[in-house]
Amino acid sequence: MPLPDFQLERYFARYEFNAPYLLSSSDCESQTIGNVLALEPGAAEEFQNLWLGYTESQGDPALRDEIARIYTNVEAQDILVFSGAEEAIYVFMHAGLQSGDHVIVHYPAYQSLHEIARAQGCNVTLWETHADDNWELNMDFLRRHLRPETRAVIVNCPHNPTGYQMSSEKWEELLALSQEQGFRIFSDEVYRFLECDPAKRLPAACDVAVNAVSLGVMSKAFGLPGLRIGWLATRDRALFQRLCAYKDYTTICNSAPSEFLARIALRHRDTLITRSQDIIRDNLALLNPFFAAHTDRFRWRPPLAGPIAFPELLREDVETFCDNVVREAGVLLLPGTVYDSHLNHFRIGFGRANFPMALAQFTEYMNSY
């Protein structure tokens, strides 16, 4: 089955590199190569002497070791490195699932998390969440829709695009249900470490269940999307070997410079994460009063985690609104219709350093609207 157009990416292809003010970005403020190399004495010289031959298919062993340090019960042998999170999702959907399998997907969702499974021949049930319920996952819905052939439940917490964060009680309930019913949890954790309250950070799925899979990436909390480095972590050895074999048909191996820079960055992950958290906190302090001043136009639910939120637009069509904002004010928002045609919301991102300037431009537009 052919894949449909990736609506989010097609929308960004029209505007992302043309609009002067990006208020829809899902990542945190990035770094220069010089900034990354400056994190560690001797790194710049080592980078200059880096051998540009093929790298190991599973990922640079030193990088896999650094990634494993993010987790509690995972070792380097449980890490498979990819060219970004997108490739990791694609490979899991093909190596971990087969036609006829049933998959339940946390929704709204990054399109890859359900469309690739559907194109693979899987039967997909969307685990829909709703703004009026504060985007909460309904466990009764999950229980009602589990089948004997349910092979995976795909969750994304912290959540894109709503900023939702599952409670620890609900997480424990999901884990117990997974063990009871035998389905695998695929946990998209690319926004982990960006919780508004760090005490509410969930354990990584791969740490608490042997058959679970955790997805990570350098793009979000670490602010390094240009490296195109992501990974899957799982202690399921049979699945791991299938993932490795399938990767031989995609990128085979990763960029040596990217793996080197990712390794340096992860050695100093606390510095990078703290920087991202500070930017998010400062920008949210500006965003909350903006929405308080425009309650007649928007319904605002502050996010619990991550650098993005999903306010609802009132009384008008969100696609028309976003199109007008980018054409008339140069401010790029992401209409919720790229996730689902019924969502009259838009994604707003507040992880970039120039957010105050972009918000000021948006404020000026709204004041003259």
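Of all residues being free of Cβ contacts under 8 Å to residues at least 60 places away in the same chain and surrounded by 13 or more Cβ atoms within 10 Å (Cβ to Cβ) in the stretch 37-60, which is farthest from ILE273 (Cα to Cα)? Just the residue, please. This residue is ALA44. Criterion applied to ILE116, ILE104, ILE70, ILE89 was being of a type in the set (A, V, I, L, M) and assigned to a loop (DSSP other than H, G, I, E, B), and the one residue passing it is ILE70.
Taking the conditions exactly as written (out of contact with any His (no Cβ under 6 Å at 6 or more places or on another chain), in a loop (DSSP other than H, G, I, E, B) and in the same structural domain as ALA88 (by TED's automatic domain parsing)), does SER26 satisfy them or not? So SER26 fails the test. Return yes when ALA292 is touching an Asp or Glu at 6+ places or on another chain (Cβ under 6 Å) and exposed (fewer than 15 other Cβ atoms within 10 Å of the Cβ) and no when it is not. The answer is no for ALA292. Checked across the stretch 252-262, the condition of being under 27 Å from ASP78 (Cα atoms), in contact with a Lys or Arg (Cβ under 8 Å, 6 or more places away or on another chain), among the hydroxyl-bearing types (Ser, Thr, Tyr) and not in a loop (DSSP other than H, G, I, E, B) holds for at least one residue. Among the residues in the stretch 257-269, are any in contact with a His (Cβ under 8 Å, 6 or more places away or on another chain), surrounded by fewer than 19 Cβ atoms within 10 Å (Cβ to Cβ) and assigned by TED's automatic domain parsing to the domain that holds ASN211? Checked the stretch 257-269: no residue is in contact with a His (Cβ under 8 Å, 6 or more places away or on another chain), surrounded by fewer than 19 Cβ atoms within 10 Å (Cβ to Cβ) and assigned by TED's automatic domain parsing to the domain that holds ASN211. Tell me, please, whether a residue that is basic (Lys, Arg), within 20 Å of GLY306 (Cα to Cα) and buried (at least 19 other Cβ atoms within 10 Å of the Cβ) can be found in the stretch 200-216. No, the stretch 200-216 contains no residue that is basic (Lys, Arg), within 20 Å of GLY306 (Cα to Cα) and buried (at least 19 other Cβ atoms within 10 Å of the Cβ). Restricting VAL208, VAL213 to residues that are under 19 Å from the mean Cα position of the chain (by Cα), over 21 Å from ASN134 (Cβ atoms) and modelled with pLDDT of 95 or more narrows the list to VAL213.
The values are calculated or read from the model by the stated rules, or taken from the named source; none is laboratory data. From a predicted model like this one, the values you see are computed outputs, not experimental measurements. Using ideal geometry, Cβ is built from the backbone for each residue, glycine included, and neighbour counts are taken over all protein chains shown.
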